[in-house]
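The values are calculated or read from the model by the stated rules, or taken from the named source; none is laboratory data. Computed from a predicted structure; not experimentally measured. Here the Cβ is made from the backbone with ideal geometry for all residues, glycine too, and neighbour counts use every protein chain on show.
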Amino acid sequence: MLNTREAVPEEPCQCPDCQRFYREHDRLIRENPSLRQQQELNWAALQSFRTLAGRVLEELQKQLQDGDGTTTPSPPEDSSGGGTGTVAPESEALQQAMADLENINAHLFSIEALMERIFDVRVPEEVEQIFREVAGELAPDPLNADRLRLNRLLHQTPDLPDRDRS
């Protein structure tokens with residue numbers, strides 16, 4: 001049974017977040033056009049993420065420990081005794097953030113174990129050259145004079161008068 005669907009346009013999303021992603025994506029390809037460079041880049045990104053997330057988790061743990069002695073006391077007029085064992089909303093949010101960061105770190109550790117296999121792959125220089133060629137096709141230099149000239153030509157709107165003309 002064939003499912004007929006309308007063709008989805010293959011134009012990239014134009015929202016600011018996607019545009020920022022596309023620019024960063026292309027920059028990373030341009031600046032790291034070989035397999036080895038991509039391996040190193042991804043390893044460094046993973047390690048920096050783990051380091052930063054781990055350090056933030058340590059800081060939150062310190063804050064929570066420091067806060068244990070100075071937990072927000074229940075108001076003195078509350079003599080019902082029902083307030084014991086309640087957790088301040090800030091402390092609860094802090095504990096949730098810590099649990100989330102612990103999960104992130106566990107996932108990052110798993111990704112690190114998988115990525116170690118990537119470093120087992122070595123390719124000959126001829127294949128690295130193909131990586132560089134394909135990188136140039138995927139992410140051409142946006143400041144290349146020919147590309148700038150082409151962009152100006154493509155973005156001209158002949159139906160609108162130039163502002164310089166009076």
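Against the conditions (1) closer than 23 Å to Gln39 by Cβ; (2) assigned to a helix (DSSP H, G or I); (3) modelled with pLDDT under 90, where does Asp141 fall short? Just the number, please.
Among (1) closer than 23 Å to Gln39 by Cβ; (2) assigned to a helix (DSSP H, G or I); (3) modelled with pLDDT under 90, Asp141 violates only (2).
Would you be able to tell me the number of residues in the range 84-115 that are part of a loop (DSSP other than H, G, I, E, B) and either modelled with pLDDT of 90 or more or exposed (fewer than 11 other Cβ atoms within 10 Å of the Cβ) (or both)? So that I can check it myself, show each step before the final result.
Within the range 84-115, the subset part of a loop (DSSP other than H, G, I, E, B) is 84-88.
Next, from what is left, pick out any that are either modelled with pLDDT of 90 or more or exposed (fewer than 11 other Cβ atoms within 10 Å of the Cβ) (or both): 84-85.
The number of residues fulfilling the criteria is 2.
Considering each residue of the range 39-60, count those that are closer than 29 Å to Glu92 by Cα and surrounded by 14 or more Cβ atoms within 10 Å (Cβ to Cβ), and give that number. Write out each step before concluding.
Of all residues in the range 39-60, those closer than 29 Å to Glu92 by Cα come to 46-60.
Still in the list and also surrounded by 14 or more Cβ atoms within 10 Å (Cβ to Cβ): 46, 49-50, 53-54, 56-57, 60.
Count: 8.
Residue pairs, Cβ under 6 Å, 6 or more apart or interchain, first in the range 92-116 and touching a residue at least 60 places away in the same chain (Cβ under 8 Å), second surrounded by 14 or more Cβ atoms within 10 Å (Cβ to Cβ) and charged (D, E, K, R). List them.
Close Cβ pairs satisfying both conditions: Leu108/Arg50.
When you look at Asp66, is it under 18 Å from the mean Cα position of the chain (by Cα), assigned to a helix (DSSP H, G or I), closer than 30 Å to Met98 by Cβ and at pLDDT below 90, yes or no?
In short, no.
Got a number for residues in the range 120-145 being more than 28 Å from Gln19 (Cβ to Cβ) and under 22 Å from the mean Cα position of the chain (by Cα)?
Step one: of the range 120-145, the residues more than 28 Å from Gln19 (Cβ to Cβ) are 120-130.
From the residues that got through so far, the ones that are under 22 Å from the mean Cα position of the chain (by Cα) too are none.
Qualifying residue count for the region: 0.
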